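Heads up: the structure comes next, in structure tokens.
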Amino acid sequence: MKYKKYPSYKDSGVEWLGEIPSDWNESRLKFIGYTYGGLSGKAGKDFGDEENLKSKRFIPFTNIANNTFIKSDNLGYVIVDEKEEQNRVKANDLFFLMSSENYDDLGKASLLEEDLKDTYLNSFCKGFRLTNKLINPKFLNYLLSGNIYRKLLSIQGNGFTRINLRLEKLNELKLLLPNLREQQQIVNFLDKATAKIDTLIEKQTKQIELLKEKRQAVISHAVTKGINPNVPMKDSGVEWLGEIPEHWKVSKLRFLFSFSTGLNITKANLIDEDGIPCVNYGEIHSKYGFEVNANKDSLKYVDKEYLITSKASLLSEGDFVFADTSEDVKGSGNFTHVVGDSKIFAGYHTVIARLINNYNSRYFAYIFDSNIFRTQIQLSIKGVKVFSITQAILKNCLIWFPVIEEQQQIVNYLDEKTSKIDTLIEKSNKSIELLKEKRTALISACVTGKIDVREKV
């Protein structure tokens, strides 16, 4: 669809914004409302207990990071005493992420459209409440969700282990605004246009979920029943595992693997070049599930001195690296399998597992990737906000396996089957990324006056 431009433009006086429609006006965030803080003085023990009579709902930072509009079905619980002076949220409040582990999420804004009784805002966040009646809250939210403002806020961050946005930077944010009637027209257009895009994104997301379920089913069947349908079966002696091929063995991981830990470092120890590649728990959760290859994957580096001081954390081909913490139960047991012969370190918050015997490591990678194996870990972990995966938990996990020749046969079979599914998943993910880019670009063009959509409503 082609869109026309406004009849006339003027210089905004802002280099990164360029020209704006002639009748639009300038303001700053601090002049149209005020900010307030999220939860304060809370410890881990205060979160998660829904049954406690003092528990109140709060908006997690993930709800802000993942949504343009707050999802009321994605709330946490926190203990708030009657005497505490915590800030309650209200309908039409905007929320900002003021601290993040990456620049992409920093300054992310999300709007609360409905009134949530006795609900609070998480720490690491700021709330913003409009006082200017000539500003449409949905327009402001769309404005701050466009790629121009997203980039502007992200580059304002600073820090090492966490990136922080200073409140004064947020308050001084320059806004270019049309009149209230025009704001509503733009909102009406964007509501319809983004809804269509969101529907397409949802379809692709559901497709990915179905493909992942299919992938899991293929893996789980192959690593528990084998690929010979005529093989005699036996009771494994493990209730949740059921029957396995008669000639397979069952053992605990402690008898097949040695265990160690990754480097005792933080994000501040990571460098961009001229060092040794390093895989950390965050990358295991978000990037390099199943396998990592330092020859082709983009990793941060650590200083070469660790080759002398911390050889025990240096990985070899076939090693497994587990993230030792997770923010949710589902992520517990996430790992990556090392392929390639390049030097690579296991980084912070990781557990290294190395096969003792000459078995096929890729076969065990498929087992570790199966839901049936992960169930063991998820039943053993403890935590409220953060779930820890210890060496002791991994050592006591059960593992089942055939002779090495059959291990390779299963690997060959699964490599072929999963590669086809992975290709389809990758295609759907690319479609989602393109749709998200289209959504963000359209929002940005509308709220900065680059296109005129008033007649499209």
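The values are calculated or read from the model by the stated rules, or taken from the named source; none is laboratory data. This structure is a prediction, so every number in the text was calculated from the model and none was measured. Glycine gets a Cβ as well: all are built from the backbone with ideal geometry, and neighbour counts include every protein chain shown.
Residues are listed down the side, and each one gets a yes or a no for (1) surrounded by 15 or more Cβ atoms within 10 Å (Cβ to Cβ); (2) among the β-branched types (V, I, T):
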residue	(1), (2)
F128	yes, no
P137	yes, no
L143	yes, no
I163	yes, yes
E168	no, no
L180	no, no
I201	yes, yes
K212	no, no
I219	yes, yes
Looking only at strands (runs of 3 or more DSSP E) that lie completely in region 265-361, which have at least 2 residues being more than 26 Å from K212 (Cα to Cα)? 276-279, 300-302, 344-346, 350-355
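Yes/no per residue for (1) in contact (Cβ under 8 Å) with a residue 40 or more places away in the chain; (2) farther than 24 Å from K83 by Cα; (3) within 30 Å of the chain's Cα centre (by Cα):
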site	(1), (2), (3)
Y6	yes, yes, no
D11	no, yes, no
L17	yes, yes, yes
Y36	yes, no, yes
K45	yes, no, yes
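Of the residues D46, D115, D81, D73, which is buried (at least 16 other Cβ atoms within 10 Å of the Cβ) and more than 23 Å from N147 (Cβ to Cβ)?
D46
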Quick one: in region 84-106, which of the residues that are hydroxyl-bearing (S, T, Y) and under 26 Å from I197 (Cβ atoms) is surrounded by the fewest Cβ atoms within 10 Å (Cβ to Cβ)? Y103
Take region 395-435 and flag every residue that is among the hydroxyl-bearing types (S, T, Y) and over 12 Å from A222 (Cα atoms). S419, T423, S428, S431
Across region 346-362, the tally of residues that are in contact with a helix residue (DSSP H, G or I) (Cβ under 6 Å, 6 or more places away or on another chain), surrounded by fewer than 23 Cβ atoms within 10 Å (Cβ to Cβ) and closer than 17 Å to N293 by Cα stands at 1
Note on region 138-166: residues under 29 Å from F189 (Cα atoms) and at pLDDT below 85 are G146, N147, I148, Y149, R150, K151, L152, L153, S154
If we scan region 228-236, do we find a residue that is closer than 20 Å to L414 by Cα, hydrophobic (A, V, I, L, M, F, W, C), out of contact with any Pro (no Cβ under 8 Å at 6 or more places or on another chain) and outside any helix (DSSP H, G or I)? no
Condition check: aliphatic (A, V, I, L, M), without any contact (Cβ under 8 Å) to a residue 24 or more places away in the chain and assigned by TED's automatic domain parsing to the domain that holds Q204. Does L424 satisfy that? no
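State yes or no: is K169 modelled with pLDDT under 95 and either under 22 Å from T440 (Cα atoms) or in a helix (DSSP H, G or I) (or both)?
yes
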Please pick out the residue among A109, A65 that is touching a strand residue (DSSP E or B) at 6+ places or on another chain (Cβ under 8 Å) and under 18 Å from D328 (Cβ atoms). A65
Output yes when any residue across region 296-308 is over 24 Å from F364 (Cα atoms), surrounded by fewer than 12 Cβ atoms within 10 Å (Cβ to Cβ) and hydroxyl-bearing (S, T, Y), and no when none is. yes
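Here is a list: D104, D115. Which entry is within 25 Å of K56 (Cβ to Cβ) and at pLDDT below 95?
Just a single option satisfies the conditions, and that option is D115.
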